[in-house]
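> Following this message is one structure expressed as structure tokens.
The values are calculated or read from the model by the stated rules, or taken from the named source; none is laboratory data. Note that the coordinates shown come from a computational prediction; the quantities given were computed from them, not determined experimentally. All Cβ positions, even for glycine, are placed from backbone atoms using ideal geometry, and neighbour counts span all protein chains on display. Side chains included, ligands, DNA and RNA excluded: accessible areas come from the protein's heavy atoms. Shrake-Rupley method; radii C 1.70, N 1.55, O 1.52, S 1.80 Å.
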Amino acid sequence: MRRITLWALSTVTVLLLLLSYHTSTSSRTSLGAESSEVAQGAPDDVGGSSSGGSSSGGSSSGGSSSTATGDVTQTRWGPVQVEITVADGEVTAVDVLQQPDGNGRDQQINAYAIPVLKQETLSAQSADVDMVSGATVTSDGYVQSLQSALDKAGL
Amino acid sequence: MTTADVVHPAVTAAAAHPGHAGGTARRVEHVMGMPISLALRGRHAQGPRADAAWAAALAELRRADAIFSTYRADSWVSRLARADARLGDAPPVVTEVLAIAEEARRQSDGAFDVRRPGPWRRTVLDPSGVVKGWAVDRAARAFDDLEGTDVCLSAGGDMVCRTRAVGSRGWRIGVEAPHHPGRLVAVVPVRDGAVATSGLAHRRGHLVDPRTGLVPTALASVTVVGPDLVWADIDATAAFVLGADALRWLRTRCCRTGLVVDRDGRSHLF
């Protein structure tokens, strides 16, 4: 009985960790030219209990903030519903209103997470990504591609 | 993986940012007409063992190209298509790939098919929709021996990711915005798995509905995250062809997540 509870809890924790994955990375200062695009302390606060007091509360200067509740989305692991807080055109918080209760898929949840949608499109620098997935890039089109920019940055 | 591999938030927060400056070693080569990008992080990110694994991965991709390329007249696939060779004479991997293709056709009700209508009412055999993912899955195994090293191997925007470095934050994969190439519409955290995106953005109208020969128009792109690249890629292609029915079909598929961007630029998670 207790084991079941613990198991369920750990599954939820894993999900929260993954949902809050970029929490700890997104507040970094961008090296790129478009630093104004960096979502300051962006989708933080997911399962706030685990990620400490990193939410700056969307109190950016002179901004109005609003929240929007997404539809319940069916995922592999059950229904997920999130609420997004937007201030000055940036997502400042994502709250998970509904999440799967764990159905034995914790290995998959552990291995990869549900994509995190961006309110506005982002540059690769401000999103701080390692690789880019897009419709097939041919060798001809590679020079202009985002992946090419990332590859160069690392050479 | 076990739950013990989950990175504790404190560890993630404390970990140095590997970013561009520290720790991510990158390499690029062109094989099969596609850029092959490699990112390594951790103990063997650089050095002779990384070099050897990279060489082995590229050799694997070139072997697959020699067997399966539809652009090379001497490939087994070209010879089979011309009835110049019999399946029984081809290497066993040809049968393996065609079996996966048949399974994919069945599971997608024909939305995915390596045989599609060609000119003059002939049927064209083009297994590249299976071969790419299949070959990259195999090539990525070349890095299995690099203990303590994170790997991300991408072929033209479809990739396999592995996380082995202690305290690693895993890989962050940006999903390109189909209507704004060069910008991102989502970010997927991947520790162990594959990401594939199908769409028309860079593709020169290459993707057609095998049932009609027409270019699908309902969606802008489909991104599938799953355990392996061969099926992530197959599912992304099939879903793109299914169009309006893509989300419903994707939600019947086991162990995948991802997103669909429709023609109007709206994103839908599954």
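> Average partner chain C-beta neighbours within 10 Å, per residue of B:223-233?
If you average over the peptide's residues, the count of other-chain Cβ atoms is 2.
> Report, as an integer, the average count of C-beta atoms from other chains found within 10 Å of each Cβ along B:152-160.
Mean inter-chain Cβ contacts per residue within 10 Å come to 5.
> Place a +1 charge on the Cβ of each Lys and Arg in segment B:6-269 and a -1 charge on the Cβ of each Asp and Glu, then give the dipole magnitude about the Cα centre in debye, rounded to the nearest 20.
340 debye
> Next up: Quickly work out the B:R248-to-B:R106 label distance, labels modelled 7 Å from Cα along the C-beta direction, and quote it in nm with one decimal.
Taking the two extended label points, one gets 2.3 nm.
> Averaged over A:116-123, how many beta carbons belonging to a partner chain fall within 10 Å of each residue's beta carbon?
6
> Any idea of the total accessible area buried by the A-B contact, 1.4 Å probe, rounded to 100 Å²?
In total, chains A and B hide about 5800 Å² from solvent.
> Cα gyration tensor of segment B:6-269, axes a ≥ b ≥ c as square roots of the eigenvalues: rounded (a/c below 1.5), prolate (a/b > b/c) or oblate? Intermediate results must be reported in sequence, preceding the final value.
Working: a/c = 2.14, a/b = 1.32, b/c = 1.63.
Oblate.
> Something else about it: Carbon and sulfur atoms: what percent of the 1.4 Å accessible area of segment B:36-138 do they account for?
51 percent
> Please work out whether segment B:172-239 counts as rounded, prolate or oblate from its C-alpha gyration tensor, where a ≥ b ≥ c are the square roots of the eigenvalues and a/c under 1.5 means rounded, while otherwise a/b larger than b/c means prolate and anything else oblate?
It comes out oblate by the Cα gyration axes.
> For segment B:6-269, what is the accessible area per residue in Å², given a 1.4 Å probe and the full set of protein chains?
41 Å²
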